[in-house]
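Q: Sending over a structure as structure tokens; questions will come in a sec.
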Amino acid sequence: MAGIKRAIERHRACGLQVFRDEDGFTTLGAVLALLIALSLLFSAAQVQRLNAVSAQVQDAADAAALAAQNEVAEFMVVVRVCDAVSLTMSLTGLAATGLGVVALCTPVTAPLGKPLMDAGNSILKARDAFAEKASAGLELLQESLPFLCAANAASTAMAYGGGGSEYLALALPFPTESGEIAADPLEGAHDLAEEAEGKAADIQEAAARAEELAVEAAAIKQRAFARDCGDTPAYCMHERAETLAGLTGARNPLYRSVDSWSFAVALDRAREYYAARLAQEAPEGSTVEERAESALRERFYQLAVRELEDAYVNEGEGFFEASFPRFPRNSDEVRESSLYEESVYPISAANGQETMHAWSGCPAAQGIVRYGSVRELEEGEFERCPQCNFALSSLGKVAAASTSIENGFEYHYDAVAVAAAEYQQAMSELAPAASEVKEQAGGLFEQIGELLGTASDSRIDAAPPGRYGTVVLAACLDETPSSAGFANGFVSSPGSLGARVALSSATLLEDEADQQGSVISSILDGLGEDVATGPAGIVLDCWSGLLQAYADGQSALDGAIEDAAGALPLASASGLGTWASGAFRGAVSAVGLQPADLDTLKPILVNSAHVAKKGNSSFGAELIALKQQAIQNPSTSTDLVSSAVGSAETALLERIDGLEDGMELVDIQLFDGGPSITIRLALPPVVADGAEGFVRDAADAVRDLFATVTGVRAWE
């Protein structure tokens, strides 16, 4: 500066104006402006650099907080996996038992019944063992969780350093306390399995008897269908009605399958046929004999129409009752019919002797005195009419021919009538056997449905330490020179940056996942690779279906049961297989299973006050007080920090006892020959390397740091 003053004085002596010219600009002024600008620029850059270096500890604190809270997230994933396995094992065990009962209801699938029930019982036992082991493992892991969080945070902070920087971090989950994890045995499940096993023989025997009777009944019905319309265009009721009475369309329907046909079709066809024949009846010629035969046929058709009016067919699920009148085919059967008692035949008298005639139009029927019956003709003393030659045999021969040979309608009708009676007998014997199966199997299905509801309400859940979040105290202990990496002649930085401290906090947020990325997707790894057949394959497919669509709740349960039942060949003559499948699925559909939460949890950064305010821990209260006092009077916060750090250290070290190297929670096999289920938790690598020392060192370092600092900036 002295040199500048001397230069100015010399210029003045010379009479020159160096600080101005005609444009107001001088060389010296420009130099000064440039120097000042550069000084300000380098000063601002130095401040920014120092702030950036100081802020690195906040980045380390944030990373440590996320790493600590990630342990809680992984723990909750394991909890949900255990819940998924436990619940679906309960559902699968009960489903296998139910499928075994369903299989017993048909002779074809009966051999699968006991293996399925055995598999179900094994799975239920495995479920109880799994739940017990999982609860114990989760309890141990839960007790160790605060330490795991602290160890992972400390390890992350150390790894975050590098380049000569040393970072330490102390993490404490909120709250540090945890709730009890319990998974009780499924009450009543094993009693149900024993009951099902005890009833298996009775159900199988009754189902076999029902199937035998159903096969017999089906054969009878098939025979009746053929005689009614199944043999068309060969002789049958349908063909004869069309040929002899000209019946077509709805009055003479044609069915192509016995499954859509019923005995009522044949009964209605007979009604239409005899009504038409009665209306169409006329003598085939003009002789007395032909006219007499026509009159007797008319009597026969009247009898048929009259008796068919009272005929009926009543049938329903497992029920059949029918009344098909049988028409007389000979003189003996006429005596047993109403034709024998009808007083409709004219009687003439001559020379004190009575004669009975076939009809009033008989030429010899002169001087009719009264009307009589065939019974009276047989029991009385009558002269035989020389014209119509009427006798009991005359009436017996009316339907004899058409009933005895296949070109007569009565031949096929009578076969259907006989079949209807046989079918009714078979169905009456089938009903008790089927009822026994439905009563015993249905009772088991109801119990299974109730237990499925109980199982759906029995879930593994946890309230672990850190469920509200984790708070991390991080510190950078290295002494960084103020001018390191930024030496210049504009800003003098002879000192160094001291240790820096930051506070961070993280909590958990649910991350929606699809089926491929859900918390249970790992359970399925390799499951589909096992090629299992028979009962084991059915059970594994059912369990796999429940797991793969676990998030769908009731719809998944219904779908898995439907697919498993569909794998059984349940078609049978008795229909009990179809009934059992429907009854079982009905019991399952009433459970109302709610979807499970499959979303994974991810840690996110939040304001530490939000985490500290939750729970009633002393550390949380001290932390809030520390933040408030640090803002108001930073120079007096050292004691509060030391107290808070001490509380955190004590809480963490208390949880280290009992922690083993590695955490395999449970390893269990579903059933003999079935897949194994292993659930493990990957612990931070630092755990095996003396993490207790990390926790103690971090706590000591933070306490020492605050003991040497006379003032700190406000917490972030």
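The values are calculated or read from the model by the stated rules, or taken from the named source; none is laboratory data. Note that the coordinates shown come from a computational prediction; the quantities given were computed from them, not determined experimentally. So basically every Cβ, Gly included, is an ideal-geometry build from the backbone, and we count neighbours across all protein chains shown.
Q: Could you list, in sequence order, the residues of region 401-417 that are among the β-branched types (Val, Ile, Thr) and free of Cβ contacts under 8 Å to residues at least 24 places away in the same chain?
A: Across region 401-417, the qualifying residue is only 405.
Q: Residues of region 284-311 being in contact (Cβ under 8 Å) with a residue 12 or more places away in the chain and touching an Asp or Glu at 6+ places or on another chain (Cβ under 8 Å), which ones?
A: Within region 284-311, 293, 294, 297, 298, 299, 301 qualify.
Q: Oh, and also: Before we move on, is residue 470 buried (at least 17 other Cβ atoms within 10 Å of the Cβ), modelled with pLDDT under 85 and not in a loop (DSSP other than H, G, I, E, B)?
A: no
Q: Going through 368, 347 one at a time, which residue ends up being farther than 24 Å from residue 271 by Cβ and crowded, with 18+ Cβ neighbours inside 10 Å?
A: Only one candidate qualifies: 347.
Q: Give the residues of region 133-147 that are crowded, with 20+ Cβ neighbours inside 10 Å and touching a Lys or Arg at 6+ places or on another chain (Cβ under 9 Å), sorted by residue number.
A: Those that are crowded, with 20+ Cβ neighbours inside 10 Å and touching a Lys or Arg at 6+ places or on another chain (Cβ under 9 Å): 144, 145, 146, 147.
Q: Oh, and also: Pick from 443, 352: which is at positive phi and free of Cβ contacts under 8 Å to residues at least 24 places away in the same chain?
A: 352
Residues checked against (1) within 31 Å of the chain's Cα centre (by Cα); (2) in a loop (DSSP other than H, G, I, E, B); (3) closer than 30 Å to residue 415 by Cα:
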{"position": "137", "(1), (2), (3)": "yes, no, no"}
{"position": "140", "(1), (2), (3)": "no, no, no"}
{"position": "159", "(1), (2), (3)": "no, no, no"}
{"position": "180", "(1), (2), (3)": "yes, yes, no"}
{"position": "184", "(1), (2), (3)": "yes, yes, no"}
{"position": "224", "(1), (2), (3)": "no, no, yes"}
{"position": "232", "(1), (2), (3)": "no, yes, yes"}
{"position": "242", "(1), (2), (3)": "no, no, yes"}
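Q: Just to be sure before I move on: is residue 358 among the aliphatic types (A, V, I, L, M), free of Cβ contacts under 8 Å to residues at least 24 places away in the same chain and part of a loop (DSSP other than H, G, I, E, B) in the structure I sent?
A: no
Q: Right, here's the next one. Give the residue that is nearest to the chain's Cα centre (by Cα), with candidates limited to residues of region 565-578 that are surrounded by 21 or more Cβ atoms within 10 Å (Cβ to Cβ) and closer than 19 Å to residue 117 by Cβ.
A: 565
Q: Mind checking whether some residue in region 408-423 is over 60 Å from the mean Cα position of the chain (by Cα) and assigned to a loop (DSSP other than H, G, I, E, B)?
A: no
Each row is one residue, and each column tells you yes or no for (1) in contact (Cβ under 8 Å) with a residue 12 or more places away in the chain; (2) touching a helix residue (DSSP H, G or I) at 6+ places or on another chain (Cβ under 6 Å); (3) closer than 20 Å to residue 131 by Cα; (4) not in a helix (DSSP H, G or I).
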site	(1), (2), (3), (4)
73	yes, no, no, no
78	yes, no, yes, no
85	yes, no, yes, no
90	yes, yes, yes, no
95	yes, yes, yes, no
103	yes, yes, no, no
106	yes, yes, no, yes
112	yes, yes, no, no
116	yes, yes, no, no
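Q: Next question, about the same structure. Evaluate the following for residue 415: is it buried (at least 20 other Cβ atoms within 10 Å of the Cβ), of a type in the set (A, V, I, L, M, F, W, C) and modelled with pLDDT of 90 or more?
A: Considered against the rule, which asks whether it is buried (at least 20 other Cβ atoms within 10 Å of the Cβ), of a type in the set (A, V, I, L, M, F, W, C) and modelled with pLDDT of 90 or more, residue 415 comes out as yes.
Q: Checking the conditions here, which among 178, 262 is among the polar types (S, T, N, Q), closer than 30 Å to residue 608 by Cβ and in contact (Cβ under 8 Å) with a residue 24 or more places away in the chain?
A: Selected residue: 178, the only one of 178, 262 that is among the polar types (S, T, N, Q), closer than 30 Å to residue 608 by Cβ and in contact (Cβ under 8 Å) with a residue 24 or more places away in the chain.
Q: Here's a follow-up. Would you point out which residue out of 170, 267 is in the same structural domain as residue 95 (by TED's automatic domain parsing) and among the aliphatic types (A, V, I, L, M)?
A: 170
Q: Considering region 579-607 alone, what residues qualify as being under 14 Å from the mean Cα position of the chain (by Cα) and within 19 Å of residue 84 (Cβ to Cβ)?
A: Correct list: 588, 591, 592, 593, 594, 595, 596.
Q: A further question on this structure: In region 300-329, what count of residues is obtained for those that are crowded, with 17+ Cβ neighbours inside 10 Å, of a type outside the set (A, V, I, L, M) and in a helix (DSSP H, G or I)?
A: Looking only at that region, the number is 4.
Q: Could you look through region 310-337, keep only residues that are under 46 Å from the mean Cα position of the chain (by Cα) and among the hydrophobic types (A, V, I, L, M, F, W, C), and pick out the one that is farthest from residue 378 (Cα to Cα)?
A: The residue in question is 319.
Q: For region 552-576, which residues satisfy the criterion of being assigned to a helix (DSSP H, G or I), free of Cβ contacts under 8 Å to residues at least 40 places away in the same chain and not charged (D, E, K, R)?
A: Within region 552-576, 555, 556, 559, 566 meet the criteria.
Q: Go through (1) over 19 Å from residue 304 (Cα atoms); (2) without any contact (Cβ under 8 Å) to a residue 40 or more places away in the chain; (3) surrounded by fewer than 21 Cβ atoms within 10 Å (Cβ to Cβ) for residue 373 and report which single condition fails.
A: Just one mismatch for residue 373, condition (1).
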